[in-house]
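Just so it is clear, none of the values below were taken in a lab; they were calculated from the coordinates. Here the structure is a predicted model, which means the values were calculated and not measured. So basically every Cβ, Gly included, is an ideal-geometry build from the backbone, and we count neighbours across all protein chains shown.
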Amino acid sequence: MTGSDKLTLLWLQSGGCGGCSMSLLNAENPALYELFEQAGIELLWHPSLSESGGRALIDLLQSIVEGDTRLDILCLEGSVMKGPNGSGKFHLLSGTDTPMFEWLEKLAGAAGLVLAVGSCAAFGGITAAGDNIGEATGLQYDGERPGGLLPETWRSKKQLPVVNVAGCPVHPGWVTDSLLLIAGRQLQADQLDEYQRPRLYTDHLVHHGCPRNEYYEFKASAEKPSDQGCMMENMGCLGTQARADCNIRPWNGSGSCLKGGYACINCTAPGFEEPGHAFSETPKVAGIPVGLPTDMPKAWFVALASLAKAATPERLRKSATAERLIYPPGKGGDKS
Amino acid sequence: MSETGRKILGPINRVEGDLEVRLEVGQQKVTRAWVNSPLFRGFEKILQGKAPADALVYTPRICGICSVSQSIAAAAALAQLQGIAPTENGQLATNLTLACENLADHLSHFYLFFMPDFARAGYADQAWYQREAARFRAQTGAASNQVLPARAAFLQLTGLLAGKWPHSLSLQPGGTSRPLSRSEQLRLQAMIGNFRRFLEQTLFGDRLENVNTLASVKQLQQWQSQHRQSDCGRFLAIADALQLHQLGRAADRFMSYGAYALPQGWLFRRGCVTLEEGHAVYAKLDERRITEDIASSWLAGERCPLHPYRGRTEPDAEQSGYSWCKAPRLDGRSVEVGALARQVVNGHPLALDLVAQNGASVYSRVIGRLLELALVVPEMEHWCAELDPQQPYCRHALMPAGGRGAGMVEAARGSLGHWLQVEQGRISNYQIIAPTTWNFSPRDGGDQPGALEQALEGAPVAGDIEEALAVQHIIRSFDPCMVCTVH
């Protein structure tokens, strides 16, 4: 059906909210259609963007499965729904009476590369929360466990595992950068981290570039929503452990979760949907948060934190639990 | 040709989520329709046993296109449980965030989901086709490349107000977690101004105030003759050519939970309206009269209609239903919700005249959304100006260990409700009725169809069902969000 030398891309949705597509439409410089043009991508079908659906789509899927249409990039958004009891009836693809997961298995086998867009498609995500009655799983992971719909050893035609562009939702730039790498034939296995996420955004911690950095340094902590202080001690913030560049690559122009005044919930990680405690509270043992930075000795962290607390300027101590600066730096008498 | 038979239409694209519609066709018309929401995830089960405030993390993730309204419904339910109300700044910032999402959705619907149907080959013989197809064709039409940047720029409001969109955690029971500085307030005002400019130059070709004061169909037609080059004018001309006002009438019962809370009350009032001999009859809304029925749903439980505080959501694929969706009813009747319903309930003269003449239709539903774009942006400018950087954005209160609360909000697509119950500090029941649950509901125990099922009856179908564009227009005129419908 397509004879061009463009990379063909098919985007499907299953057990998710559609939010990763909505986020992708926020892409700026390049915007989505600019990206397709510059990366030489031909969109075979996207549920929100394409002209036709119905039989035309089913014919397209059939033609890909039969090898008559080349599929270079398959993107899935949303979890794979296996339930109830492995039947896949929680999502039969409309018009086909066939479980979506069966379509996905066949299409993945025909695709050059497979992208799991968002934490649902990558790991199961929010849809797998609670008792996971939907039997939701990721494409190649079931939570932290390798092997989802596709086994751990599965490789696409281009010899890559599923590329997990995880996040809830994804930042549009994580998808557009990944597609640019793919278009430039530069996405190799060493560009993926231990959960097969593109390192282009997971080589960072959310903590990097956090606007509350000074409060973190002095352990001047927020106690309630809208406070300005560091949210690690009390508000459940996982920014020092979470892998993403959210505070380096702004969201919607200038935002991030931290800038929005709420905790990082580590949404790029498998299992984020069940932290084992209330999302906005930091679990503590003997007054010390249990989730400390992973690559420094705990005793050192505790010692540094007590020192920092003792040295906290009044400016920060007071502002940490207020909605706005009590007084700005360099004025009003910081005490040592 | 008078072939009778049942046809299946799906997947239906340019809606949010997966949708299947079964049609019975006779004498080139749809005689009966059954609407199926094919995806079930189980949020109501996920929420059981969680800490109440965790609803603020889970529920926005029901839907990536109505995420803010889900957050606000959850926050409002928690606020009722806690017995608090947002601060003034908090309410204004909440309104601004909700308005941003609602209007961005109206814009996406018009340009990305609805208008591309007029570029389909089935209309190639129409006099207007070449010109309008070049403008509105999916992906490659000239409008897409203008609209996506304008939409992204407008959603930058959420970067300031809510950290990000979708899936923010800034919307709290007592307000928002993001106090704005004076300079940020000014920047916000400038961003709203940019969106106004886009709407005035591209969508309307006129001042918003000249559009939102149109008071009758006659005035709209007059306006149309003077604004043929604008995208709105182009839609109105196509609508005339295709007689879209005669397409997609449902039961003409409208409901709104009330939109955009202000100190003096709602910006768009709460209530319901029925049409009696062409006259809109307003009644107060009694939330206690809302029930959900599972007679046609793949759900187990009591077959009698239940108020959402008593409702349960237990999937059972072996039940003899045809959708995962429940059938919500107000006083036992199906109702229509959305921008048009909101404006009819609020008594906007143009909306009232539209439904008085032809009821809710493909035409009037689309106009309802465009009208809201023109109505709400000026309000956003006022709200932004009223933010006071010296006053608090968030009020705080303890979470009680038991109790209940309802959060009712108007999302872009209509009335969204969350009903929350807490026992021993944990969520014991959480039920959600989304706008498209109302509009795309299946039949209830009394065989009463939902709004879309009614609206499709009588739709012309000549030849191949896949090419029956009238059916496609009717479905998309509701701006369905299937991931909200069943969650």
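A compact table of results
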| read-out | value |
| --- | --- |
| Mean ellipticity per residue at 222 nm, deg cm²/dmol - from DSSP H runs of n ≥ 4 across the protein assembly as shown, formula -39500 (n - 2.57) | -9500 deg cm²/dmol |
| Listed residue (A:Gly209, A:Thr137, A:Phe123) projecting farthest to the positive dipole end of chain A, Cβ model | A:Gly209 |
| Ranked A:Trp251, A:Trp11, criterion: other C-beta atoms within 10 Å, fewest first | A:Trp11, A:Trp251 |
| Dipole magnitude of the range A:264-336, debye to nearest 20 (Cβ charges: Lys/Arg +1, Asp/Glu -1, about Cα centre) | 520 debye |
| Around A:Ala31: net Lys/Arg minus Asp/Glu count, Cβ-Cβ under 13 Å | -2 |
| Charge tally in the Cβ shell below 13 Å around A:Val290, where Lys, Arg are +1 and Asp, Glu are -1, A:Val290 excluded | 0 |
| Kyte-Doolittle mean at least -0.5, axial Cα span of 18 Å or more - DSSP H helices of chain B | B:67-82, B:88-108, B:142-154, B:362-386 |
| Förster radius 35 Å - calculated FRET efficiency between A:Arg324 and A:Asp68 (Cβ-Cβ, nearest 0.05) | 0.05 |
| Gyration tensor verdict on the range A:253-317 (Cα atoms; rounded if a/c is under 1.5, prolate if a/b is larger than b/c, oblate otherwise) | oblate |
| Rounded FRET efficiency, nearest 0.05, which uses the C-beta distance separating B:Ala85 from B:Gln357 and R0 of 30 Å | 0.15 |
| Chain A: Cys lacking any partner C-beta under 4.7 angstrom | A:Cys17, A:Cys20, A:Cys75, A:Cys120, A:Cys210, A:Cys230, A:Cys237, A:Cys246, A:Cys257, A:Cys264 |
| Shielding score for A:29-39, defined as the mean number of other chain Cβ atoms within 10 Å | 2 |
| Cα gyration tensor shape of chain B, rounded if a/c is under 1.5, else prolate or oblate by comparing a/b with b/c | oblate |
| Total charge dipole magnitude, the protein assembly as shown, about the Cα centre, Cβ charges on Lys, Arg, Asp, Glu only, Debye to nearest 20 | 1460 debye |
| Neighbour-count ranking [beta-carbon atoms within 10 angstrom, fewest first] of B:Ile65, A:Ile73 | A:Ile73, B:Ile65 |
| Estimated distance in nm for a label pair at B:Arg22 and B:Lys218, the labels positioned 7 Å out from Cα along Cα-to-Cβ | 4.8 nm |
| Three-way shape call for the range A:7-200 based on the alpha-carbon gyration tensor, with the a/c threshold at 1.5 | rounded |
| Shielding by partners - mean other protein chain Cβ count within 10 Å, residues of A:221-229 | 5 |
| Rough spin-label spacing in nm, given labels placed 7 Å along Cα→Cβ, for B:Gln424 and B:Ala283 | 4.2 nm |
| Using a Förster distance of 56 Å, the FRET efficiency for B:Arg333-A:Gln38 (Cβ separation, nearest 0.05) | 0.60 |
| Net charge over other residues, Cβ less than 11 angstrom from the Cβ of A:Asp5 (K, R count +1; D, E count -1) | 0 |
| Charge dipole magnitude, Cβ of K and R +1, D and E -1 - chain B, Cα centre, debye nearest 20 | 660 debye |
| Listed residue (B:Gln130, B:His348, B:Ala152) projecting farthest to the positive dipole end of chain B, Cβ model | B:Ala152 |
| Fully extended contour minus Cα-Cα distance, from B:Glu276 to B:Leu186, at 0.36 nm per residue | 27.7 nm |
